[in-house]
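Some notes on the structure that comes next.
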Amino acid sequence: MAFAQLTYRESLRDIESCLRALQSKLYHMGFRGKVSRSTLADANESHDWRIFAEFAQVLIGIARPLHAHDPIGVDLDQSLYALDSTTIDLCLSLFPWAKFRRRKAAVKMHTLLDLHGNIPTFIRVTSGDVHDVNILDEIMPEAGSFYVMDRGYIDFQRLFVFTLSSAFFVVRTKSNVLIQRRYSHPVDKRTGVRSDQTVILTSFESASAYPDALRRVSYLDKETQKRLKFLTNNSKTAGPGGQSLSNATDSEPHALRENPHFMRPSDPRGRCRIRRKR
């Protein structure tokens, strides 16, 4: 399976054909016998998935220190993570256990990406109807680190856990979030930042779940002329703050596009559509 991932194989038949084409060299790779589809299928069915999950964590532990000082386009000493999800459409007749809608099957892969090297540190595959915000319950915030998320992860009770853990979040805000401005801070509009404000939540439910003040940064993207607004619990990072960190998260969808074999299950034809939820 490791060979299949590294060489972009997309089906058991593809793995079998590739290995049999190099029959004379299989001995040096540790293969002692003939490789067949039935053997691979039996191995997939009988092997515990936790073996591969624990092995992946070992590899991640080796890779992260090697990329700890890679440039990410942001002047930040702390660790920077991006959290997002990818919906993978499946054939309902082949994957009836992944029923998503009446005539559609899908699974959703939730990924926490370390932007120093684009290394996934947390992956959870769920059914397609699991909302993104539920994954925050399974993540243990790392003190001092930054977590950048889209507005699908706005849940102030869950976000307050990051504050209690001394971790920082940057999340795009929604238009229906009720906020009152307390202070406005000076900004350099040449950077695209239009406002930098200290705010509090005004609705009873939100304020009860998150009683502390927040920072709201409004940024104008000059290329698309879109105005983006971010909420963060970090009040000390100078400069564009949320905007710079959110630009850095462009690495996540790029990494997922560049490495589709990392998450692409294949049907017998070796095809599966991946749809990113924006």
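Just so it is clear, none of the values below were taken in a lab; they were calculated from the coordinates. Remember, predicted model here, so these are calculated numbers, not experimental data. Please note: Cβ atoms are built from the backbone with ideal geometry, for glycine as well, and neighbour counts cover all protein chains shown.
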**OP:** With a 10 Å radius around each residue's Cβ, average the other Cβ atoms per peptide and rank 167-173, 209-215, highest first.
**Re:** 167-173, 209-215
**OP:** Enumerate the amide H contacts of Phe100 below 5 Å, restricted to partners 5 or more residues apart or on another chain; note that Pro and chain-start residues carry no placed amide H.
**Re:** Ala105, Ala106
Original post:
What ranking do 178-191, 45-58, 4-17 get when scored by the average of other Cβ atoms within 10 Å per residue, highest first?
Top reply: 4-17, 178-191, 45-58
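Say R0 is 30 Å: what FRET efficiency, to the nearest 0.05, do Gln157 and Thr87 get from their beta-carbon distance?
Values: r = 25 Å, r/R0 = 0.84.
The pair Gln157/Thr87 has a calculated efficiency of 0.75.
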Subject >> Candidate lysines for bridging to Lys25, where Cα separation is under 19 Å - those fewer than 8 sequence places away on the same chain excluded >> reply: Lys34
Subject >> Leu94-Glu138 FRET efficiency (beta carbon distance; Förster radius 25 Å; 0.05 resolution) >> reply: 0.35
Original post:
Assuming R0 = 22 Å, what is the FRET efficiency of Ser17 and Phe52, from their Cβ-Cβ distance, to the nearest 0.05?
Top reply: 0.45
Subject >> Under 13 Å from the Cα of Lys108 - aspartates and glutamates, other chains or at least 8 residues apart >> reply: Asp84, Asp89, Asp129, Asp132
Original post:
Residue by residue, what Karplus-based ³J(HN,Hα) values in Hz, rounded to whole numbers, does segment 21-33 have, using 6.51, -1.76 and 1.60 with θ = phi - 60° and x for Gly and Pro?
Top reply: 6, 10, 4, 6, 9, 5, 4, 6, 9, x, 7, 10, x
**OP:** Could you check the simple spin-label distance between Arg101 and Gln225, using points 7 Å along Cα→Cβ, in nm with one decimal?
**Re:** 3.2
Original post:
Of Lys189/Lys226; Lys99/Lys174; Lys189/Lys222; Lys104/Lys174, which ones are farther than 22 Å apart at the Cα?
Top reply: Lys99/Lys174; Lys104/Lys174
Subject >> Gain upon complete extension [Arg181, Glu45; 0.36 nm per residue less C-alpha separation] >> reply: 43.3 nm
**OP:** Calculate one ³J(HN,Hα) per residue across segment 114-125 by plugging θ = phi - 60° into the Karplus curve 6.51 cos²θ - 1.76 cosθ + 1.60, and present them in order as whole Hz with x for glycine and proline.
**Re:** 7, 6, 7, x, 6, 9, x, 10, 8, 9, 9, 9
Subject >> Gained length - Tyr8 relative to Lys189, 0.36 nm times residue gap less alpha-carbon distance >> reply: 60.6 nm
